[in-house]
Structures are given as structure tokens and as C-alpha cells.
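Everything on this sheet refers to the single structure shown next.
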Amino acid sequence: MELKNRYEIVSLVQAITCNPNGDPDMDNRPRIDEETGKAFMTDVSIKSRIRGYVDGTKHSEKDVNGNGLDILIRHGESLNRDIAEAVLNGIEGGKVDTQKFKNTTQGVNKARNFILEKYWDARVFGAVLSTGLNAGQINGPVQFEFSESVDPVTPEIVGITRKAFAVPQGERETVFGTLQEYDKWASNLPDDKKRGMGNKKIIPYALFQVNASVSAGLAKNTGMTEEDLLLLVQAWARMYDYNISASKMGMAVLLPIFVFKHVGTQKIRADQDEKARAQAEKQNASEALLGCAPAYQIFELISVKRKEGVEVARSYHDYDVIFHKSKLPDGVTVGVADYSGKIDWDIDWDSWSEKFDWLKID
């Protein structure tokens, strides 16, 4: 089904004794804002986790619209090879002289469409496809903000010991011609050298608000559908549980995920004549596509603050989390998604506290 509405999506993510997003330029230390002391996660790191879920659960499948659910940006895979596949698919004979070949505008469009039909993440997040034979560029409808922790954090480096050893501490690697030579050398090593030392970079605790916007206008250009949106929400809810690693074991997406849908401000009344109704519906369609309020106002509907008397937070229960439903902009409706990724648009807000006692409604 064609995606005709703009969306904003918000969730909370907690990190317990782990590394939410290591910086490769800083020896994989957690990313920290030097001015505020708060931790942050890049948009790329979140997209990578979502891609990992879709790749692991939907690889080589197609959705109800016939679109592929493969992933273009995959660990250790050549992007230029996939671009070449898309370009050569539209060329008779499937071969070009790479020294002379320059793709035409028509060829770029064909290759771009090939990518969009095959790869879920290209339709959703976009892609730069000009690094090889050139398949153009795709502006993705779904974009994440950098996510910043609610409170400042204190990163720690924790020393660890490996019982087995590779190269003894303080020595250079030694190469032997036979196993007997190796065994003789190893048997003469003192016990304190028969181990490996390392470290883990962690933060004890952090709570993040993760925000994303979905542009219906860009979705028209990429072919992103409502089904793609539901898969995005499902992958978002499960991304840390599926793609497990030692450094991310403390990561969790706190449910529910809030989904804000722009539907338009015009009210359709039973007593309206046909012309007035058609005009109102047209206006709503335009507002739903472009949005009825700026994204930052939507994101501010969720507020998170450490509870009074809590000096050091170590759980999301140490925070007051409020959804300011009373400030929901005109023309915007809200639903929530659970672990399945299904969005509930008909919520009984009165019984909300029974299921999620850590969330308050204002």
C-alpha cells in the first residue's frame, strides 16, 4: 500500500553496562559530547541494527507488493558489485568496457529502479550509488536524529583477562617449524605469561530518546510502502534482541514505540456538500503528505527527567517519562507499537498505566 502520510516515530532505548555506540577513531570508546558529558548514538549505528534484523529475518523474501526485502548495505559486501549488477541488468549482453563506459540518464534511472525494487533499505533509508558504474542517488524517506542520553555519563575502561594466550605478555610473536618445537617452548613459559589481557569500554547506564521522521514525499520517489513502514517498526522493536553482541547485551528498546501520523486538520462533516467534502479531503491529503506540525514539536511530546531524590540513575524506573497527549498538534494522531511491530491506533489511554506503569499521560 502506498505511503501517503508523514510520520514521526519515537522510542526510549536504555543501555546497561555496555557500549551503545563505539567511536573507531577513539579506540572504540563510547561516543561522548565533550561539552555536556552526555553519551550519544549516531543515526548510522541505529540503521545498522535495523538492517541486521531485516537481513537476518527477511533475506531473499518479497513483500505483498512484490518488492524485495534484501539489504544493500551489508557487512563485508561490495557495494560497487551490487551497483554493477543493477547497471548491467539494463544493458544488452550484460557487459561494458569499463575504461570507456559512462552511464546514460536512462541507464541510471533503470539501475536505480532495479535497486529500489530489490533492496528494502534502499527504499527506506536511501543510498549513494555513484561509487561504481553509477546508478545515481536515492534520498531516503526515513531519517534518524543523533540520539543523546538524558543525563551525563561516566565512561569506564574495564580490564579483562583471557585464560588462553596467543603471544605472551611482553614478548614478540614466535614462529616454529614443528609442533614439537612449539610445545617445548610453551612448556617453559611461566604461568603468568600464559594469558591475554584486554579491556572493554562501557558506560554504567544511559537512557536515550531515539527519534525518526518519515517523509511521505520522498517515499513516493523510492516506492516505500506502508508495509515497509511496519517492517521498520518491527525491526526497531527487536533490533537489539536479534543482533546480539557482547558489547550490546545491555541495550534494550523500551516498549511501546510511539508512532505519530499526520492525517490533516480539516474535519469531514456529514452535512457537507459534495464540493466542500472533496475540497476538505484534498486539503487533508496535502497536509498528510507534508505534515501538520514540525518534527521537533512532535519529539517534544515525550519528556524524560530523572526523578527527584535519585542521584544516580541505573534503570528507566529512575525517570519520570511523560507523554504530553494534551499538546498533540491538530491533524496528528498517535498510535503505539509493541514487539510485533503492529501499530495500535485505537488505544484505551485510561488503562494505559496498568500496562506501562513507568509512563505517565499528561
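With the biggest extent put first, the Cα atoms of the chain measure 96, 71, 36 Å across the principal axes. Tell me whether segment 80-194 comes out rounded, prolate or oblate; compute the Cα gyration tensor, take square roots of the eigenvalues as a ≥ b ≥ c, and use a/c under 1.5 as the rounded threshold. Judged from the Cα gyration tensor, segment 80-194 comes out oblate (a/c at least 1.5, b/c at or above a/b). Relative to the dominant Cα principal axis of the chain, helix 274-290 is inclined by about 20°.
The residues neighbouring Asn243, those whose beta-carbon lies less than 13 Å from its own, together hold a net charge of +4 under the Lys/Arg +1, Asp/Glu -1 convention. Relative to the dominant Cα principal axis of the chain, helix 105-118 is inclined by about 80°.
Each Lys or Arg adds one and each Asp or Glu takes one away; over the other residues whose Cβ falls under 11 Å from the Cβ of Glu300, this sums to 0. When you restrict to C-alpha pairs under 8 Å that are six or more residues apart and normalise by the size of segment 35-194, the relative contact order lands at 25 percent.
Applying the criteria of a DSSP loop state and at most 13 other Cβ atoms within 10 Å to the chymotrypsin sites (Phe, Trp or Tyr not before Pro) of segment 159-245 yields Phe176.
Neighbour counts of C-beta atoms inside 10 Å place Ile202, Ile83 in the sequence Ile202, Ile83, starting with the fewest. In the elastic network of the chain, a GNM with C-alpha springs shorter than 10 Å, the most mobile of Lys248, Lys95, Lys261 is Lys95.
Phi angles across segment 196-203 convert, under the Karplus curve 6.51 cos²θ - 1.76 cosθ + 1.60 with θ = phi - 60°, into 3J(HN,Hα) values of x, 10, x, 7, 10, 9, 9, 10 Hz, Gly and Pro given as x.
Going 7 Å from the Cα of Glu227 in the Cα-to-Cβ direction, what parts of segment 2-24 have a backbone nitrogen less than 14 Å from that spot? From segment 2-24, the list is 2-3.
Taking the C-alpha atoms only, the angle from helix 79-89 to the longest principal axis of the chain is near 50 degrees. Within the listed set Lys47, Lys200, Lys100, the Gaussian network model of the chain (springs between alpha-carbon atoms below 10 Å) gives the highest mean-square fluctuation for Lys100.
Note on Lys305 and Arg269: the model spin-label points, each 7 Å out from Cα along the C-beta direction, lie 4.0 nm apart. Dipole size of the chain about its Cα centre, with +1 on Lys/Arg Cβ and -1 on Asp/Glu Cβ: approximately 800 debye, rounded to the nearest 20. A Gaussian network model of the chain, with springs between Cα atoms under 10 Å, assigns the largest mean-square fluctuation among Ile244, Ile160, Ile268 to Ile160.
Compared with the alpha-carbon gap, the fully stretched path from Asn113 to Lys327 is longer by 73.0 nm at 0.36 nm per residue.
Each reported figure results from applying straightforward, stated rules to the coordinates on display, with no laboratory input. Please read all numbers here as calculations on a predicted model, not as lab measurements. Glycine also receives a Cβ, built like all others from the backbone with ideal geometry; neighbour counts cover every protein chain displayed.
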